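Here's the structure we're looking at; comments come further down.
Nothing in this text is a laboratory measurement; each read-out follows from the coordinates by a stated rule. Worth saying up front: this structure is predicted, and the values here are computed from it rather than measured. Every residue, glycine among them, receives a Cβ derived from its backbone with ideal geometry; neighbour counts consider all protein chains shown.
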Amino acid sequence: MSETNRDPARHTTPPARDDAFTLFDLRVEVIGTDRPMVCNHQVGDYFTLRGENLAFPAGQTFPLYPLAALLPLLPAKQRPTHPNDWMTTDADIACPDPHCGGRFRITRTGTTTFRHADVTLVPLPPTPEPS
């Protein structure tokens, strides 16, 4: 795997200290409503997100403007949230075209553990000495 396309979850060098963190894997799927869809997405179209990597099924496209509207929400959906937080309960997102009836459901499908040292060059702060 090239350095720019490496999978941090598969890194095997032992860390100097525990720097692991877990993110939710996501699936974003087009769901139908009673309104017609005018954008270039079909019920059942989807993509997945694991870490920072989006994956689309072979041969499937996804329109740019709905994707641009969804992207800011995905990092928040990847992280654990308080049970009362709207990010925990709200999963259906409207297409940004006001004339389109498309909706997108964001589902947490599993988890992946990553290491801090594999995803950034910024070191963790020193561990405080026990008193």
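Please list, by residue number, everything in region 33-75 whose backbone N is under 11 Å from a paramagnetic label point 7 Å out along Cα→Cβ of Val119.
Only 50-53, 75 fall inside the zone, counting backbone N under 11 Å.
When the convex hull of the Cα atoms of region 25-118 is projected onto a plane and the area is averaged over all directions, what value comes out in nm²? Before the final figure, lay out each step's value.
Numbers: hull surface 28.0 nm².
Approximately 7.0 nm², given one-decimal rounding.
About the Cα centre of region 25-118, what is the dipole size in debye to 20, counting +1 per Lys and Arg Cβ and -1 per Asp and Glu Cβ, all else neutral? Intermediate results must be reported in sequence, preceding the final value.
On the way: 9 positive and 10 negative charges, 33 e Å.
My answer is approximately 160 debye.
Output the relative contact order of region 25-118, whole-number percent, from Cα pairs under 8 angstrom with separation of 6+ residues.
Working: 142 pairs, mean separation 39.1, N = 94.
Over region 25-118, the number comes to 42 percent.
Each residue of region 37-43 in turn: what ³J(HN,Hα) in whole Hz from Karplus with 6.51, -1.76, 1.60 and θ = phi - 60°, glycine and Pro shown as x?
Whole-Hz 3J(HN,Hα) from phi for region 37-43: 8, 10, 8, 8, 9, 10, 3.
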